[in-house]
Every structure is written in C-alpha cells, then in structure tokens.
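Below is one structure; the comments refer to it alone.
The values are calculated or read from the model by the stated rules, or taken from the named source; none is laboratory data. Predicted model, so just to flag it, every value in this text is computed and none were measured. When we count neighbours, we look across all protein chains shown, and the Cβ atoms used for this are built from the backbone with ideal geometry, even at glycine. These area figures cover heavy atoms from the full protein model, side chains too; ligands, DNA and RNA do not enter into them. Shrake-Rupley method; radii C 1.70, N 1.55, O 1.52, S 1.80 Å.
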Amino acid sequence: MKLLLLYRRRWWLIYLPLAVMLMAAMAVTLLWWEPLPPQRVVIGTGPAQSSYLDLAREYAVRLERAGIAVEIVPFSRPQDPLAQLASAQPRIDITFAQGLYADNAPGAQTLAVIGHEILWVVAREGIQSLQDLRNRRIAASVEGSSNRLAAQMLLQHARIPPGEVVFSEEVGDKAVAALTEGRVDAVVHVATGGSRTAGTLVRMEGFHLLPVEHVGSLVAKAPHLRAVIMPQGSIELRSNLPSADLPSAVTLTHLVARPGLHPALQRTLLDVADEIHVMAGFLERQGVYPTTVGSDFPVAPEALLHQQGTRPWLETLLPYGTAQWAQLILFVVLPLGLLGSILLIRAPRYIEWRIEAALLHFYGELQFLEDEFSHLAQPGEDILWQFEQRVDALERMVTSLELPDQFTDRWYTLREHLDEVRLRIRAATEAA
C-alpha cells in the first residue's frame, strides 16, 4: 500500500480498527469476568406455612437495603427448591436446606451453616419410646421430605421395619389436626425451636415428646445428624417442658447457593447471614452460627475466604453497588482506556516509522552504490553505463514515492544526492 494513501486514510485503516479491537476486548472482559453482579436474586422456599418463607423475607429486607431486588419463589414441597437449584438450568439462586438433603443435591454449594433443626417426635399417651411406634400411624409428610427421611432414620434406629408402620402425608396444621382427631398416633416434624407447628405439638394436652434413646449410636451411623440434649424446662419453664432432660437429634440448616453465583453477591448474602443468625437460637449458643464447620454440603470457596476476612478492598470502603462500579472502572475501563490511548497516540508514529524505513532503504542503496563506485580502479564505459542505469532506476523508485508534506525536505535531499552521484558517474564516463 502506498504510504501517502495509508497516511490519508489513517482514520479508517488504523484508528477505527484499534477502536473496534478495544471495544471487543472490553466486551469479552465483561462477559468473561462479570465485574458487575446481578441486581436481582431469586430465593426458593417451601410452601406458605414453611418457616423458610419467613426467613426468606428477612433476607429480602436486608438485600433490598443494599440495592438488590429479591424475588421469593415458594414451592409445594420443601425439598423442591434444592432440587431445582441443583438442576442443569436452575431458576433460583439460593435456598435454605437441611443437611438431610445433602445426598440428593450434588453440585449445590453451601455459603454457611445458619442453624440447626430438631427432630421433633410427638406421640399420644401410652407411647413412651421409639420402639412403641411399631404398628402405629405416623404423620411424616410426603416421600422424600425431611420429615419422612428423619422418620425412616429413627425407625431404623429403633429396629422397626418400614412395613410395620403406616405413614401419613399430613404436615403442619394438618398433622396437628390428624393427631388431635386420632387419625395418627405420632408426628415426626423437623423444624427449628421457633416453629409454630412444633410449638403447638409439644403443648398439646395428652401428647408428649419422645426421647431419642442411644442418640450417640444414631448420629454415628447418620452423618447428617447431630446429638443434643434438650434440657428440662427449656421449651417452657412454667409448664416444665420437657419434664426431664431429653436426648434428641438435630440436622444442620444451610444457606445453599447455585454453582456460578456471582462472588460479590455471595459475599453480600454472607453479610446478611452474619446479621440475622448471629444471635442464639433454641439449643444454640450465641456466635456459633453462621459457620462453615461441619457443613453437610460442599463449602463454596468464597465462603471460606469470607470466613478468613478476605474480600476486595473496595468493598471495605464503599457501599455494595458503588464498590462494584468502582471495580469495573478501576480494573476494566481504566486499563483498557489507557491501553487504547497509548495505541491511538502511537499510531501516527507507525506511519512515520514506515516512511523513515523507506527513505533509509533508499539512502542505504545509494550509499552502497557510492561505495562500490569509489572502489572501481579503471572503470570502462560499459561498467559506468550500468552504474548510471542503477542510479536512474533508484531515482524512478524515489520519484514514485508519495509522502506526507512533512517529509518533503528529506525527499528533495535524497533527490539531490542521487543527482550528485549521477554527475560523478557522467564525469567519469567523459574522462574514460
């Protein structure tokens, strides 16, 4: 390409391609690195009477203060949100899950263990232990639910075959009504100490909590359970509930996130968990939760960093939304903008370098010709004619150059040098 054409069309041939390349680099960086987290999070919960729905609303209030919109999606069964989150195309971002479900959700990651839930076993008078549940009717929700899983573990622990009990699918208020009306003999309910259903069950006249005898043996065989002692009067001191220290089992409650959730959003969720779950709950000591210790699900790497106090320094100085924009500007826009500015500033230098290289090439050819001519001992007319032809060919190439105006003086200087060499050759030819 002619140098003058390159110079005249530098905006289209140099500046525009550079600008397009920089914009493409910025777009690829934004897609690959995702510096800006989503401004919306979807929380999956159980049905309307689920305590997780109330917990999701607490999270929503705090997340919306940080500028994050929250959508709460209730499911008909408590285990459905976790199954949806672990699917190939999850429609939710986070959910709350008991450790009993850990084997059924490969790929899900926990951000924190936020508490534990008790395996409440409430039975009518005359049933004094788990062994007495043989040939009884038990309300334990649907197949695959945490209530049903807990009931099956407890019956196996009591050496009662599955075929020797009749399960009923009542849960919540329906389970309370079934127990009151005599349609079932016991209820197995996995819930926190603040559960309305559990509170109603343990206070019903004519019914009582069953102990989990040899609970240490149970938790040794069931890795998703933990052994606790429910102290006498811990539920209600005035009514002396329970009437004696009661061996019980609990399962951990997890804040679970889908794989690939933006790290900044994970850190914000962990901040909210620190606010909500730091206070002591039923059979919980203050400061124990949230934690990652003992998690039944794989722990998200960001959760481990958060536990160590590691986070981007901008998030320690600025609010959530501002910090994300600051990181985008500092680590993407600014470096690429600086690189683009340097390239655009240096682009004219590339044209000058090409022109200087062309001129130096002709100067070198002319210098080589002069040196060769100077070392001739007794040149003949044929040799001198060949030298003059070479000078003419070199001059034709120089004349054909189209250069910007600022290089005109160097172009004329090169022409003058060619004329001087030609005069020397003609003088030598006349002398010969």
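Probing with 1.4 Å while keeping every protein chain in the model, the per residue accessible area of the chain equals 52 Å².
Rounded to the nearest 500, the helix-only mean residue ellipticity at 222 nm of the chain stands at -14500 deg cm²/dmol, with each DSSP H run of n ≥ 4 adding -39,500 (n - 2.57).
Shown is the FRET efficiency for ALA19 and ALA358, computed with R0 = 30 Å from the Cβ-Cβ distance and rounded to the nearest 0.05: 0.65.
Each Lys or Arg adds one and each Asp or Glu takes one away; over the other residues whose Cβ falls under 13 Å from the Cβ of ALA431, this sums to 0.
Fully extending the segment from LEU328 to SER400, taken as 0.36 nm per residue of separation minus the present Cα-Cα distance, adds 20.9 nm. Note on MET153: accessible area is roughly 50 Å² with a 1.4 Å probe, heavy atoms of protein only. Each Lys or Arg adds one and each Asp or Glu takes one away; over the other residues whose Cβ falls under 15 Å from the Cβ of ILE72, this sums to -2. Loop only by DSSP, 10 or fewer other Cβ within 10 Å of the Cβ. Give me the GluC sites (Glu not before Pro) in the range 173-245 that pass, ordered by residue number. Counting only loop positions with at most 10 other Cβ atoms within 10 Å, the GluC sites (Glu not before Pro) in the range 173-245 are GLU181, GLU205.
Taking ARG390, ARG203, ARG267 in turn, the Gaussian network model of the chain (Cα-Cα springs below 10 Å) assigns the largest fluctuation to ARG390. Recomputing Rg and Dmax of the Cα atoms in Å from the coordinates shown identifies the correct label among (1) 23.4, 77; (2) 41.1, 140; (3) 24.7, 84 as (2).
Computed from phi, the 3J(HN,Hα) profile of the range 189-198 under the Karplus parametrisation 6.51, -1.76, 1.60 (θ = phi - 60°) reads 9, 9, 6, 6, x, x, 5, 5, 5, 5 Hz, with x in place of Gly and Pro.
For the chain, the carbon plus sulfur part of the accessible surface works out to 57%, probe radius 1.4 Å.
Per-residue surface analysis assigns ILE14 an accessible area of about 20 Å², computed on protein heavy atoms at 1.4 Å probe radius.
Each label point was placed 7 Å from the Cα along the Cα-to-Cβ direction; for ARG426 and ARG57 their separation is 10.5 nm.
Derived scalar couplings between HN and Hα for the range 14-25 equal 10, 5, 5, x, 5, 5, 5, 5, 5, 5, 5, 4 Hz in order, rounded to whole Hz, by the Karplus curve 6.51 cos²θ - 1.76 cosθ + 1.60 (θ = phi - 60°), x for Gly and Pro. In this structure, the amide hydrogen of GLY115, modeled 1.01 Å from its nitrogen in the peptide plane, lies closer than 5 angstrom to those of THR253, counting only residues at least 5 positions away or on a different chain. What FRET efficiency would be calculated for the residue pair THR180, ARG40, taking the C-beta separation as r and a Förster radius of 35 Å, to the nearest 0.05? So, using R0 = 35 Å, E works out to roughly 0.20.
Taking amide H atoms as placed 1.01 Å from N in the peptide plane, the amide H of LEU241 lies under 5 Å from those of GLY233, ILE235, GLU236, each 5 or more residues away in sequence or on another chain.
Please determine, in degrees from 0 to 90 and to the nearest 10, the orientation of helix 263-277 with respect to the longest principal axis defined by the Cα atoms of the chain, where the helix direction is its Cα long axis. The angle comes out near 30 degrees.
Across the range 151-220, the mean sequence separation of Cα contacts (distance under 8 Å, 6 or more residues apart), normalised by length, yields a relative contact order of 25 percent.
Applying a DSSP loop filter and a limit of 15 other Cβ atoms within 10 Å to the GluC sites (Glu not before Pro) in the range 333-432 leaves GLU402. Phi angles of the range 48-58 translate, via the Karplus equation with coefficients 6.51, -1.76, 1.60 and θ = phi - 60°, into HN-Hα couplings of 4, 7, 6, 5, 5, 5, 5, 5, 4, 5, 5 Hz per residue; Gly and Pro are given as x.
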